[in-house]
Each structure stands twice: as structure tokens, then as C-alpha cells.
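Okay, so here's the structure we're looking at.
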Amino acid sequence: MVLAVVRKGLYRSKFRLMDLTSWVIIPFLIGSIGIYSLFKVLQKLRSSAYVQDAVVVITGATSGLGKECAKVFYKAGAQLVLCGRSEERLKDLINELSRMPKGTMQMYKPQMVIFDLSDVEAVTSAATEILQLAGKVDILINNAGISYRGTIRNTKISVDRMIMDTNYFGPVALTKALLPSMINNKRGHIVAISSIQGKISIPFRSALMDKTTAEGRTPEEVAQIVLRAVGERSKEVLIAGLVPTLAVYLRPLAPKIFFSLMAARAKKERKLKEA
């Protein structure tokens, strides 16, 4: 009988403790969720305000990620300056944007500037034209780039020079040409878009669609991430699958292991090519 009374007392204490815990934890969780939700809403509004009405220059705008970035920034109310080598394709993109459903915010007719990013002199002239058209540049998205597949010993130096001119010297020249305007206006955001090759080197770097590329993020998904990253003023965003992401961190932490894995991959791919 005494044991039963003691157990009964323990059960009552346990239930009281559970009631007290529920009264403390549940409101805390609800409050935390509410604060987090409010924070995300405010963050989204702030991001939208940052992009809306901003002059956004996008290079390589006629296809792929550049084209999708044009769509999402246009929807966000940005004043677009679309850059590329083909006047016809740029006009087609502008027509496509004009047919998109209009939201409640003000929409701006996109402008276009035609030039070859690998021609440094043309880049300087293009920067002048951009500023004449838009008056300023708030956000520069360096998206244009080319790539090449092949072994080092079989790649001509002219190919290396062409890739460096388009992927490095061109964007650097454009950025330098527009930078004084950004400094004078005390506003500027520069986005550099690179493949995972900017972080790690992979044997037989592919410029064509392969299994790895096909299983990656779609241009539509990446464009949304770029828009969000710009709005949130993120310093760096890594968009990759689990294995490439692990490789990015493995290279500086365990370079011997990284290069051993890359060497094994190179041997495997060479066998497949020879077969």
C-alpha cells in the first residue's frame, strides 16, 4: 500500500513536470517559428526592394543561365541591359520578355548592347554605351563564358588564350570600365558566375552535355538562386551536388587524397575514351 502511494506520488510529479515543460517549450517553439517566418518575409521584401528599379547588366544573356537570369530579374522589376554577340537573339529575348505576364510592379523595357567579350577594346566601348543607355549600373552579372574539352598536351595555346580572353580578361575589363560609375553613385553589386571548375579542376573538363551536367541544377533553378543571392547580398554561393561540394572542401583540407582521386578518375575516363 505504501509502495502504491509512493508510485502515485511519482506519477503526479511526472505529469506536473510534463505539464510545466509543455507550457514552456510549446510557446517557445511557436514563438521561434513565428519570428523566423517574419524574418524570412522581411528578408524577401528587402531583397525585392534591392532589385526593383535597379539597373542590371547581364552578359551572355541570349542563352542558358544568362537568359533565365534575364527573365527572373525582369519579373523582379529590374531595368535590364542585355549583352551578347548576336543582335537577332537579343531582340528575340527582348520580345519574349515583353510577352511575359505583367505583375503589379513597374516593368521596364530591356535595352541591349552587342559586343564580343573577348575583344577588350570592344568591351570598353560597350561599357560607355551601357552607361549612355542606362545612366548608371547597379548590378553587373558577369555570366558569359566559354569552355573546352580536351587534354592539356593536345590543346593549342590559341584555345587557352581565347578562353582566358572571354572568361577572365573580358569580364575584368568590363568590371573595371563600369566600376568608376558605381563608386561615384556609391552603389554597386558585381556578380561573378563560374562553374565548379572555378573551385576544383576535373580531368577532361567537358564543354558538352554529359551525365554529370545533365544531372545538375537547371538554368531556371540557378537563376532563382542568383536573384536571391543578389537580393540578400551574399558573398559566395556554392551550387553543386554532394560529391562536387565535398571535393571543394577536400582539396584544401586533404590535397593528397583529392589529387589521388582525380588521378584515378582521369585514368578511368581515359580508358573509356580509348575503348
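The values are calculated or read from the model by the stated rules, or taken from the named source; none is laboratory data. Just so you know, these numbers come straight off a predicted model, no measurement behind them. Cβ coordinates were reconstructed from backbone atoms using ideal geometry, including for glycine residues, and neighbour counts include every protein chain displayed. Remember, those area values only see protein heavy atoms, side chains included, never the ligands or the DNA or RNA. Shrake-Rupley method; radii C 1.70, N 1.55, O 1.52, S 1.80 Å.
Miscellaneous remarks
- Boolean, R233 is more than 9 Å from the chain's Cα centre (by Cα), open to solvent by 70 Å² or more (accessible area, probe 1.4 Å) and at pLDDT 75 or above: yes
- Among the residues of the stretch 199-217, the ones that are open to solvent by 60 Å² or more (accessible area, probe 1.4 Å) and either at pLDDT 65 or above or in a loop (DSSP other than H, G, I, E, B) (or both) come to 7 in all.
- Residues satisfying the stated conditions in the stretch 157-191, i.e. over 21 Å from S125 (Cβ atoms), under 21 Å from the mean Cα position of the chain (by Cα) and open to solvent by 90 Å² or more (accessible area, probe 1.4 Å): none
- Of the strands (runs of 3 or more DSSP E) entirely within the stretch 74-156, those holding at least 3 residues that are modelled with pLDDT of 95 or more and under 21 Å from the mean Cα position of the chain (by Cα) occupy 79-84, 139-142.
- Residues within the stretch 127-163 that are touching a residue at least 60 places away in the same chain (Cβ under 8 Å) and among the charged types (D, E, K, R), tallied: 2
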